[in-house]
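All remarks here apply to the structure that follows.
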Amino acid sequence: MDDLRQKYLEAIAGAGSEAALEEIRVAAVGKKGEVALQMRELGKMTPEERQVMGPKLNALKDEINSALAAKKEALGDAALDERLKTEWLDVTLPARPRPAGTIHPVSQVTEEVTTIFADMGFSVAEGPQIETDWHNFDALNIPPHHPARQEFDTFYMHRAEGDNRPPHVLRTHTSPVQIRAMLAQGAPIRVIAPGRVYRSDYDQTHTPMFHQIEGLAIDRDISMANLKWVLEEFCRAFFEVDEVELRFRASHFPFTEPSAEVDLRCSWEDGRLKVGEGDDWMEILGSGMVHPKVLEASGVDPTEWQGFAFGIGIDRLAMLKYGIPDLRAFFDSDLRWLRHYGFSALDMPTMRGGLSR
Amino acid sequence: MKFTLSWLKDHLDTTASVDEIAETLTDLGLEVEGIENPLATLKGFTLGKVKHAEQHPDADRLRVCIVETDEGDKQIVCGAPNAREGITVVIAKPGDYVPGIDLTLSVGKIRGVESHGMMASERELELSDEHTGIIELPSGEVGESFADWMAKNRPEKVDPVIEIAITPNRPDALGVRGIARDLAARGLGTLKPMKTAKVEGKFPCPITVTIDDDTREHGCEVFMGRLIRGVKNGPSPAWLQQRLRAIGLRPISALVDVTNFFTYDMNRPLHVFDADKVRGNLRVHRTTGGETLIGLDEKEYSFPAGSVVISDAEEIESIAGIMGGLRTGCTEETENVFLEAAVWDTIQIAKTGRATKINSDARYRNERGIDPAFNAPAIELATQMIIEFCGGEPSDVVTAGEVPDVSRAYKLDTDRVQSLVGMDIPAEEQRRTLEALGFRLEGDMAHVPSWRPDVMGEADLVEEVARIASLTKLVGKPMSRAHVGVPKAVLTPIQKRENIARRTMAALGYNEAVTYSFIDKDSAELFGGGADATMLENPISSEMSHMRPDLLPGLLQAAARNQARGFMDLALFEVGPAFDGGEPEESHLQVAGLLVGGSAPRDPWGSRRPVDVYDAKADAEAVLSAIGAPAKQMILRGTSAWWHPGRSGQISLGPKNILATFGEVHPKVLDRMGVKGPAVAFTLWPERVPFPKSSGATRPALAASDLQPVERDFAFVVDAGVEALTLVNAAQGADKTLIANVSVFDEFHGPKAEAQMGAGKKSLAITVRLQPRDKTLTDAEIEAVGQKIIEKVAKATGGALRG
């Protein structure tokens, strides 16, 4: 039996192909193989002999089978190795293209701003861009022929012959949304209203269309000090710095009283803005306490309610935060610009993950 | 509004520096836009004395001087003819910047002789154009600062000029006195008493004035005037000329300069005209329309009906409150002058100003509002000044109309500053502030001064108090949340939808563009717009004349611009409003995507192919799916004219609810917009996708079968015009429970197909996935479903199984 064992293990070790291995298997442990033949002999043996020879033969069969399996795998591996050697590819060739789009900075910054104000309990209000003269001016305490109207460089819509209503305007600011929101919801109210606004001005720093975000908070006891805090919190969150310093400066807007221009402490280094430090002050927005006449026009009783409003330029915020130099390029759709200043689809501003990468 | 420091000091007794004044003005709401301070440029130059001057050895025109300076004697080579021993001069030393020659000095050698600095001329220090010689001072000590010397001895030459922006509510600050009053209220000095004058008339005014009845209301409140006879007009005094020049006005003659002085000093526009050129009496009236006048600026103006003008017996002689006429203008020869001070209706001035497009100092002030109570005093003060400059004898003052009564009072609630602004200002200080601004307090009623038309209520009093106290001192105070706890989501469903659509588009590889809401008429018309209702009355250019009816024209224009820069493959999108009409409610939200050129860059894998209609369809479907549109959609034909008629479709939920249109852009439209194709696009209307009725977040349970699905392929021969979706829907309908999915995997059409299957035929191959629910399917069952599919397809399309 030892001869048998040695003979087949040697044969298996020496087999060069799966076919040869199969032949060995048939000869050794096949139905008519040598081991099987010997097993048939067991019946002729005495029980004592059988008890010795049976396990021995079984063990031999197992050993040969294991050797066959091991050899088969080794042969397979060798064949695979041989095949893989021929399957070399130049992995420095370019990958298949995957498109990558971008989000415009105006959209991104709008989302950033709404994210911050949503956390402070402001919802998002909207209004039309072709606006009535009343919503855009009269209701905001800018009566017809008031010199303040001329300072808006208003675009007027065409009026058909015989239509004697005052012409509609392209809204010159997002402030008419204050009126619409208060008329719809009454007080108390906290809303912001982002969107396109239009003024007839085109030069290095002006485009006839740009974006603003309006803020409005009306309640029984909201003061200008609250306004300052809200704006400080906003600037801190938006510019993603630990400290900001704002300066309120008296100014005039017909729809707020008192009115203030708000400056942000900053420094400029190599064209880059640093917020919260330095000796420069940069004007970033206009604000004030909503004028009693505006509340009245919006159906809110000014003896009972008061609050603040502010307006910020979204494009300007984007320029400041992300170092974008030219406003006009925002609306030119130059692919190089869109790719360079745009944001990835998954750059979603959140309070938990931060506004920017 | 420009003024000089010395002018301010006419009204304000102050020792504050220019910088202090400028900072305070900005803080008060009178925002400083610029300061020109000659003293700042003179800082650093000191006085010296020429001890010795001798001829340069090698140059006829140069002298070598020894000059005594605060740093000892210096040798300076000088070419000025007046450089001589004994004179006091202004020294610029090596290292000093000399503004007039834009040069920082260094020690130099002039024709072989060392020179340690220079002695400056007025032009070199930008004091004047004088350059015939160096400055020679009549006094001053060696080492004294030249700036100090100038401030002491020639203040008018180094008078700092401050320019401020005036918001429309503050006409009073369009006069230097109003600015001084604000500064005094802040405590930056004391307001000097107002000058008054009373010049008795020596004779009755030979020119009378009337105001037409229809012009009294909303036209002219009051008109006062007087004749001054026997004047001698000529240049005004040097101090006045200097001031006017400093603020950018050209001195004209004493008479005219007086009116300009009052315009800027007191926000009091006045008018003078040559009485000898006035024929008959003056009449203030409205125009009937079409009249003309040549103004002082020598331009001809014509008037719409209803403008207010002043005429003599024959014709219009001036545009009320805006500009005088050329014919009656004062000249050097004027001997008898008529002086006018009037109060006009501000709205009337604004209307006529806009109609004539005249932007004069008078219009600017009269439309913002002047102090009506100052009308009579102004006549007297101006008369006094005219007589002082030009001599002459005044008549009585003639008056038409009445000085309007603008007196009013509001309650000062001193707690309101705390509740509205959040600043703690003692009541006494609040009262003091208002009084300093000219309010008269009677108990808690504050009477508004006549020069403050903007103060119209209690909130204005609060504003004045807070403004003078300085908003800089305002300290932020936390605003509590309206609701306790975790803030709720605030976006509306459509706002969320807009964000999702935008980010899906970016994820699909599109670059977001933001294009103008207005486009040119031709482009608007190509896309179904361009109607007059969507037209701007005053567009900035013909390229931006109409509100866009669709986002695609803007994107196509952007594509053309990019192609011109050499970028031929583009994927652009925009999310924004499109306009159906000219009313506020006539706009809607669109998402539009545009693909131009190849699907990918050229690469070894052949990824690049021309973009086609199925790319646009895929992206439109992806966005629809992302914003929650139902999966079951119809595809309709019959798209608008700007699409390729055979290669475009509409994704809809029924004939009346089109969610999106996709397709190839019509080649003619591409051509007109200058875009090189291929170009495919889609327009999608997010608001049309129905919002889910339930807002719950729970999903239905997953019904996944453990049984193996079976797939079977079928190829049908159909007429070439048969649409795949018809065939798919027919197959799907064969067994609604068993058939999980039907998809097209091959289309064989064209000449080769027709050669095999007959003219006008094509083959469509589908794969059908059967999902058994309760037991494994038998061959017979599968066969039966297959047969049913073939029957249904045959019925719907007339097609047969391909043999």
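The values are calculated or read from the model by the stated rules, or taken from the named source; none is laboratory data. Model, not experiment: these values are computed from the prediction. Because the Cβ atoms are built from the backbone with ideal geometry, glycine has one as well, and the counts that use them run over all protein chains shown.
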Where residues in region B:387-419 are touching an Asp or Glu at 6+ places or on another chain (Cβ under 9 Å) and within 14 Å of chain A (Cβ to nearest Cβ), which of them is nearest to residue B:183 (Cα to Cα)? B:417
For the structure I just gave you, tell me whether residue A:230 is in contact (Cβ under 8 Å) with a residue 24 or more places away in the chain and facing chain B (nearest Cβ under 7 Å). yes
Say whether the condition of being among the acidic types (Asp, Glu) and within 21 Å of residue B:369 (Cβ to Cβ) is met by at least one residue in region B:215-224. yes
Being of a type in the set (Val, Ile, Thr), more than 25 Å from residue B:575 (Cβ to Cβ), under 29 Å from the mean Cα position of the chain (by Cα) and not in a helix (DSSP H, G or I) narrows it down to one of A:262, A:230, A:241, so name that one. A:241
Is there a residue in region B:42-52 that is closer than 19 Å to residue B:109 by Cβ, in the same structural domain as residue B:135 (by TED's automatic domain parsing), assigned to a strand (DSSP E or B) and touching a strand residue (DSSP E or B) at 6+ places or on another chain (Cβ under 8 Å)? no
Pick from region B:443-463 the residues that are modelled with pLDDT of 95 or more and surrounded by fewer than 18 Cβ atoms within 10 Å (Cβ to Cβ): which of them is nearest to residue A:306 (Cα to Cα)? B:445
Residue within region B:220-241 that is under 36 Å from the mean Cα position of the chain (by Cα) and of a type in the set (Ser, Thr, Tyr) present: no
Yes/no for residue B:371 being in contact (Cβ under 8 Å) with a residue 40 or more places away in the chain, closer than 19 Å to residue B:206 by Cα and either among the aromatic types (Phe, Trp, Tyr) or assigned by TED's automatic domain parsing to the domain that holds residue B:283 (or both): no
Would you confirm whether any residue within region A:118-129 is at pLDDT below 90, outside any helix (DSSP H, G or I) and either loosely packed, with under 12 Cβ neighbours inside 10 Å or within 14 Å of chain B (Cβ to nearest Cβ) (or both)? no
Out of B:619, B:615, B:580, which single residue is under 23 Å from residue B:514 (Cα atoms) and over 41 Å from the mean Cα position of the chain (by Cα)? B:615
So, in region B:140-182, how many residues would count as being outside any helix (DSSP H, G or I), more than 14 Å from chain A (Cβ to nearest Cβ) and closer than 21 Å to residue B:19 by Cα? 8
For region B:387-444, which positions are closer than 25 Å to residue B:172 by Cβ, of a type in the set (Phe, Trp, Tyr) and outside any loop (DSSP other than H, G, I, E, B)? B:410
Picking from B:383, B:352, the residue that is over 14 Å from residue B:267 (Cβ atoms), surrounded by 22 or more Cβ atoms within 10 Å (Cβ to Cβ), more than 14 Å from chain A (Cβ to nearest Cβ) and touching a residue at least 12 places away in the same chain (Cβ under 8 Å) would be B:383
Residue check, residue A:95 against (1) at pLDDT below 85; (2) not polar (S, T, N, Q); (3) not in a helix (DSSP H, G or I), all met but one. Which one? (1)
For residue B:564, state whether it is touching a Phe, Trp or Tyr at 6+ places or on another chain (Cβ under 9 Å) and either closer than 25 Å to residue B:635 by Cα or more than 10 Å from chain A (Cβ to nearest Cβ) (or both). no
Can you pull out every residue in region B:27-55 that is of a type in the set (S, T, N, Q) and over 43 Å from the mean Cα position of the chain (by Cα)? B:46, B:55
Among the residues of region A:177-217, write down those that are among the charged types (D, E, K, R) and under 15 Å from residue A:130 (Cα atoms). A:180, A:196, A:199
Set B:215, B:132, B:196: member being of a type in the set (S, T, N, Q), out of contact with any helix residue (DSSP H, G or I) (no Cβ under 8 Å at 6 or more places or on another chain) and not in a helix (DSSP H, G or I): B:132
Every residue from region B:595-624 that is free of Cβ contacts under 8 Å to residues at least 40 places away in the same chain, more than 12 Å from every other protein chain (Cβ to nearest Cβ) and either outside any helix (DSSP H, G or I) or in contact with a Cys (Cβ under 8 Å, 6 or more places away or on another chain) (or both): none
Residue set A:298, A:287; condition more than 10 Å from chain B (Cβ to nearest Cβ), in contact with a strand residue (DSSP E or B) (Cβ under 8 Å, 6 or more places away or on another chain) and at pLDDT 95 or above; output residue A:287
Among the listed residues B:435, B:458, B:442, identify the single one that is touching a strand residue (DSSP E or B) at 6+ places or on another chain (Cβ under 9 Å) and within 14 Å of another protein chain (Cβ to nearest Cβ). B:458
Which is closer than 20 Å to residue B:659 by Cβ, among the hydrophobic types (A, V, I, L, M, F, W, C) and either facing chain A (nearest Cβ under 8 Å) or touching a residue at least 40 places away in the same chain (Cβ under 8 Å) (or both), of B:570, B:589? B:589
So which pairs qualify, if the first residue must be in region A:310-339 and without any contact (Cβ under 8 Å) to a residue 24 or more places away in the chain and more than 10 Å from chain B (Cβ to nearest Cβ), the second must be part of a helix (DSSP H, G or I) and surrounded by fewer than 22 Cβ atoms within 10 Å (Cβ to Cβ), the Cβ gap must be under 7 Å, and the two must be at least 6 apart or on different chains? A:329/A:337
Being farther than 20 Å from residue B:610 by Cα and part of a loop (DSSP other than H, G, I, E, B) is the filter here, so list the residues in region B:655-679 that pass it. B:655, B:656, B:657
For residue A:174, state whether it is surrounded by 24 or more Cβ atoms within 10 Å (Cβ to Cβ), assigned to a loop (DSSP other than H, G, I, E, B) and either modelled with pLDDT of 95 or more or out of contact with any Cys (no Cβ under 9 Å at 6 or more places or on another chain) (or both). yes
Quickly run through region A:188-212 and pick out the residues that are crowded, with 20+ Cβ neighbours inside 10 Å and more than 11 Å from every other protein chain (Cβ to nearest Cβ). A:193, A:212
Look at region B:87-124 and say how many of its residues are outside any strand (DSSP E or B) and either of a type in the set (Lys, Arg) or closer than 18 Å to residue B:53 by Cα (or both). 9
